[in-house]
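Everything below concerns the one structure shown next.
Just so it is clear, none of the values below were taken in a lab; they were calculated from the coordinates. Everything numeric in this text was worked out from a predicted model, so none of it was measured. Here the Cβ is made from the backbone with ideal geometry for all residues, glycine too, and neighbour counts use every protein chain on show.
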Amino acid sequence: APGQKGIMSFFGKK
Amino acid sequence: MFEARLQQGALLKKVVEAIKDLIEDANFDCNNSGFSLQAMDSSHVSLVALSLRADGFEHYRCDRNVSMGMKLANLSKILKCAGNDDAITMKSEDNGDTITFMFESQNQERLSEFDLKLMDIDSEHLGIPEAEYDATVKLPSSEFQRIVKDLASIGDTVEISVTKDAVKFGTNGDIGSANVMCRQNKSVDKPEESTEIDITEPVALTFALRYLNSFAKATPLSSHVVLKLSKDLPIVVEYHIENVGRLSFFLAPKVEE
């Protein structure tokens, strides 16, 4: 969707 | 082995109903401190984190850490067979390939057992940083559910803006626009209707309503929902499960193209 960020751009992999 | 008994089995039913449309399958992680789950939705826009503390169960035993992969739709099918007043006990042997759900009616006259096959699921755990949020809003969960449902009939996204005295939800769509404002109200005689706002900085962020509507399926778990917002960060939508734990949803914001 336009402008929708992914959650992984905020929370990194452990 | 793992064994955990929840007198209020309905809690587990409500948790699974709240997340089964958002996530297809997930690993349930059990260790000494409790029963938890972390999973992203299939488009990797939102994250679900469930945490049920060991001391929230009437009986809890977990000899070694286990991760049990389940398809939520299948888990839901099984839990729908539990009565709302049933106690639910979950049991699994170490290295077992099934989990047993035992349902006990209140008068203990009916006892049923269902085994669910476990699956191997690749899952990545994300690190959720401890953050101080610019604004925290605690409002009745039914109110939040109504707002996101109503606004979704007008638009696809909602701008949530929080000031010292009020939280505003606004949307725009082809047919028009809509705004709902909830004022801070620390109602003493009806605590279940209170709206409380705690801010260090006014904040306004935009989110996809589709996801917020999905999160609102957790409404039966708690009288209130807590929204936590910070500039340019995912919103946290948190349902506290009294004396047992919490179900939290994280949703990445929409940004201007």
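Find how many whole Å separate the alpha carbon centroid of segment B:92-164 from the alpha carbon centroid of segment B:218-257. Value for the Cα centre distance between the two parts: 10 Å. Look at the stretch B:249-256: the mean tally of other chain Cβ atoms within 10 Å of its residues' Cβ atoms is 4.
Charged side chains reduced to their Cβ positions (Lys and Arg at +1, Asp and Glu at -1) give chain B a dipole of some 540 debye around its Cα centre. Dividing the Cα radius of gyration of chain B by 2.2 N^0.38 Å, with N the residue count, gives 1.07. Compared with the alpha-carbon gap, the fully stretched path from B:Met1 to B:Asp25 is longer by 6.4 nm at 0.36 nm per residue. Projecting label points 7 angstrom from Cα along Cα→Cβ for B:Ser43 and B:Glu93 puts them 4.4 nm apart.
For segment B:73-140, the Cβ-based charge dipole about the Cα centre amounts to some 420 debye (Lys, Arg positive; Asp, Glu negative; other atoms uncharged). You can think of it this way: the chain between B:Asn74 and B:Leu111 has 11.3 nm of extra reach, that is 0.36 nm per residue less the Cα-Cα gap.
In segment B:44-147, which trypsin sites (Lys or Arg not before Pro) fall in coil by DSSP and have 16 or fewer other Cβ atoms within 10 Å? Sites meeting the loop and neighbour criteria: B:Arg64, B:Lys80, B:Arg110. For segment B:1-83, GluC sites (Glu not before Pro) are listed when DSSP marks them as loop and at most 13 other Cβ atoms sit within 10 Å of their Cβ; the list is B:Glu24, B:Glu58.
Helix B:141-152 and the longest principal axis of the Cα set of chain B meet at an angle near 60°.
Expressed per residue, the C-alpha convex hull volume of segment B:170-245 stands at 144 Å³. Multiplying each eigenvalue of the alpha-carbon gyration tensor of the protein assembly as shown by 5 and taking the square root yields semi-axes of 34, 21, 17 Å, largest first, rounded to whole angstroms.
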